[in-house]
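Have a look at the structure below, then the notes.
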Amino acid sequence: MTAAQQPIGVFDSGVGGLSVLQALRAELPHERFVYLADSGNAPYGERGDAFVQARTHAITGYLLQQHHIKALVVACNTATAAAIHEVRERHPQLPLVGVEPALKPAVAASKTGCIGVIGTRGTLTSAKFARLQASLGGQARFIVQPCDGLAHAIERSTAEPLPAMPTATETGAICARYTGLMGKFGTKDGEIDTLVLGCTHYVFVQDELRGLLGPDIQLIATGEPVARQTRRLLQTAGTLAPEAGAPAPAITLFTTGALAPLQNAATRWLQLPAQSCATVDLPTNRP
Ligand code: DGL
């Protein structure tokens, strides 16, 4: 197999990174993808850096050794903040893309200059996020709200094939509680007119957020810019998959947790067949 035919690895603490995979698939329809949901260890957001770093290294090693990936997309803000610098150091040749809350696009989009940012505690208290925010100092006012429990509730919402009412209500209630703490949303001076989804899971509660905040509030996610950056890196490396006459590319998904939730999420959100999902046992490597 040539480098161009090798798959792109994508991982997240769970099903949230499927929102990034969705954008990758649209941008790079001729590529093969291997997705790893670390749902057996989710959520990462409240677990601390050492844990997230250890999981990131175990997953990166697995994707390189077992699937011979040609590039890695860390489809998790929390893992990007805690561990991407270490992955870059350990694998300097590997084209690597991470995700971070899209503050710059939000500054460009906001008219009131008042921007809400939601994400995990791990992401929003990281040094990486502090640097990002400082780099935009003065250009906007950021109202930053960690949403403990929201990613976990979104993971739980995939337990059934169709959204079960109690879990749908649970994610809606959590969204309402946290956005309620942030201040007034609206398009008048001093109101928050733009909300950055700083966790890849939150794309899957967009409808609930829109319902709560109204149609005038812009929600900013990161899937599309990440997909474009992945294309650029592959182009530079000369490993983009050939387009002409290519067979339908395979997308394979693995989970370290129970199989059914990944199957439910993959069929519900990405219209992928349940048979493309499998489980994998992936213990954390001891140093
Ligand atoms: N989806 C992840 C992120 O973008 C992590 C959510 C979690 O596991 O807490 O940060």
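The values are calculated or read from the model by the stated rules, or taken from the named source; none is laboratory data. This structure is a prediction, so every number in the text was calculated from the model and none was measured. Cβ sites come from the backbone with ideal geometry, for glycine too, and all protein chains shown count toward neighbours. To get the accessible areas, we keep the full protein, side chains included, count just its heavy atoms, and leave off ligands, DNA and RNA. Shrake-Rupley method; radii C 1.70, N 1.55, O 1.52, S 1.80 Å.
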Problem - Percent accessible area from carbon and sulfur atoms, the chain, protein chains only, probe 1.4 Å - result: 53 percent
Completion exercise
Other residues with Cβ under 13 Å from the Cβ of residue 29 give, with Lys and Arg +1 and Asp and Glu -1, a net charge of 0
Handout entry: Value of relative contact order over the stretch 9-72, rounded to a whole percent, pairs C-alpha under 8 Å and six or more apart
Key = 43 percent
Practice task
Please label the shape of the stretch 189-276 as rounded, prolate or oblate, based on the square roots a ≥ b ≥ c of the eigenvalues of the alpha-carbon gyration tensor (a/c under 1.5 means rounded; beyond that, a/b larger than b/c means prolate, else oblate).
Solution key: oblate
Fill in the blank from the handout: Magnitude of the Cβ-charge dipole (Lys and Arg +1, Asp and Glu -1) of the stretch 84-224 about the Cα centre, nearest 20 debye, reported as 440 debye
Fill in the blank from the handout: The answer for the stretch 1-79, accessible area per residue at 1.4 Å probe in Å², is 29 Å²
Exercise for the section: Give the relative contact order (percent, whole number) for the stretch 104-226; include only Cα pairs under 8 Å separated by 6+ residues. Expected result: 34 percent
Exercise for the section: Place a +1 charge on the Cβ of each Lys and Arg in the stretch 159-226 and a -1 charge on the Cβ of each Asp and Glu, then give the dipole magnitude about the Cα centre in debye, rounded to the nearest 20. Expected result: 160 debye
Exercise for the section: Tell me, rounded to the nearest percent, the portion of alpha carbon pairs in the stretch 113-217 spaced more than 20 Å apart. Expected result: 40 percent
Handout entry: Rounded to 10°, Cα long-axis angle of helix 49-67 versus longest principal axis of the chain
Key = 30 degrees
Practice task
Place a +1 charge on the Cβ of each Lys and Arg in the chain and a -1 charge on the Cβ of each Asp and Glu, then give the dipole magnitude about the Cα centre in debye, rounded to the nearest 20.
Solution key: 520 debye
Completion exercise
Note to self: Kirkwood Rh of the chain, Cα pairs, one decimal, Å, is 19.2 Å
Handout entry: Nearest 10 degrees, 0 to 90: helix 223-237 Cα axis against the chain principal axis
Key = 40 degrees
Problem - Length added when fully stretched, residue 85-residue 148, from 0.36 nm per residue minus Cα-Cα - result: 20.2 nm
Exercise for the section: Leaving out ligands and nucleic acids, note down the accessible area per residue over the stretch 184-287 with a 1.4 angstrom probe, in whole Å². Expected result: 52 Å²
Exercise for the section: May I ask for the net charge around residue 225, where only other residues with Cβ less than 12 Å from the Cβ of residue 225 are counted and Lys, Arg are +1 while Asp, Glu are -1? Expected result: +1
Exercise for the section: Answer with one residue from 251, 109, 218: the one whose Cα lies farthest towards the positive end of the charge dipole of the chain, charges on Cβ with Lys, Arg +1 and Asp, Glu -1. Expected result: 109
Problem - Mean ellipticity per residue at 222 nm, deg cm²/dmol - from DSSP H runs of n ≥ 4 across the chain, formula -39500 (n - 2.57) - result: -13000 deg cm²/dmol
